[in-house]
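Input: a single structure, listed below in structure tokens.
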């Protein structure tokens, strides 16, 4: 069993989508970030950077003690290796998936997160910050659109790179970004949202609280 310390945000959705796609048994342990539960000592022992999600694999192997993992990239790699799915074993294909996973971790997620913060939630509207992060978000959409021009998925076959990127692309409506400018990205996004396992993973925790990266009406983004 895998315990998932979780709140319904794009980073949280990455992990529940992966767990559903990989058909791994898991249990949700809510961490209410609106109440500051991510700063409590029991959670910090698992995730010292006080960010959700984190996991504890209570049975990683025969007789092995539990393993705790934080940071979504590390979690996705661990789950892919545990399940033997969605991360190729050949060096060339594996490095390609890991490169795009790191691209999401270092670029797509942080830039969309900053754009969402300054556009939707910052108490003071700073136009320079809004425009800077908007342009960077659109640039990254363009990078992914070009990558998908001749591919069904980001790295040929469906992988943890797709699982990492999709939950951030879904925020395009609340962030008021026009996805229809990017035809290949739009096609990929629409195809993935029809996957039953992805839908199940995305729906996890919607009853806990409305997602942090939602529109001004407080509702989680619709796909």
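Overview of results
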{"read-out": "Hits in segment 173-199 (condition: touching a residue at least 40 places away in the same chain (Cβ under 8 Å), over 18 Å from residue 108 (Cα atoms) and surrounded by fewer than 19 Cβ atoms within 10 Å (Cβ to Cβ))", "value": "195, 197"}
{"read-out": "Residue within segment 8-22 that is under 17 Å from residue 69 (Cα atoms), in contact with a helix residue (DSSP H, G or I) (Cβ under 7 Å, 6 or more places away or on another chain) and in a loop (DSSP other than H, G, I, E, B) present", "value": "no"}
{"read-out": "Test: residue in segment 167-183 that is outside the structural domain of residue 154 (by TED's automatic domain parsing), at pLDDT 80 or above, out of contact with any strand residue (DSSP E or B) (no Cβ under 6 Å at 6 or more places or on another chain) and farther than 19 Å from residue 32 by Cα", "value": "no"}
{"read-out": "Criterion: at negative phi and without any contact (Cβ under 8 Å) to a residue 24 or more places away in the chain - qualifying residue of 137, 150", "value": "150"}
{"read-out": "Of all residues in segment 70-92 being under 19 Å from the mean Cα position of the chain (by Cα) and exposed (fewer than 15 other Cβ atoms within 10 Å of the Cβ), the one that is nearest to residue 157 (Cα to Cα)", "value": "81"}
{"read-out": "Odd one out for residue 74, checked against (1) in contact with a helix residue (DSSP H, G or I) (Cβ under 7 Å, 6 or more places away or on another chain); (2) closer than 25 Å to residue 198 by Cβ; (3) free of Cβ contacts under 8 Å to residues at least 24 places away in the same chain; (4) assigned to a helix (DSSP H, G or I)", "value": "(1)"}
{"read-out": "Segment 93-125: number of residues that are exposed (fewer than 13 other Cβ atoms within 10 Å of the Cβ) and in contact with a helix residue (DSSP H, G or I) (Cβ under 6 Å, 6 or more places away or on another chain)", "value": "0"}
{"read-out": "Which listed residue, of 88, 123, 110, is part of a loop (DSSP other than H, G, I, E, B) and within 26 Å of residue 147 (Cα to Cα)", "value": "88"}
{"read-out": "Any hit, segment 143-151, residues being surrounded by 18 or more Cβ atoms within 10 Å (Cβ to Cβ), out of contact with any strand residue (DSSP E or B) (no Cβ under 7 Å at 6 or more places or on another chain) and closer than 20 Å to residue 71 by Cβ", "value": "no"}
{"read-out": "Selection count, segment 25-45, where residues are surrounded by fewer than 17 Cβ atoms within 10 Å (Cβ to Cβ) and part of a loop (DSSP other than H, G, I, E, B)", "value": "5"}
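The values are calculated or read from the model by the stated rules, or taken from the named source; none is laboratory data. If you're wondering where the values come from, they're calculated on a predicted model, not measured in any experiment. Every residue, glycine as well, gets a Cβ built from its backbone with ideal geometry; the counts of neighbours run over all protein chains shown.
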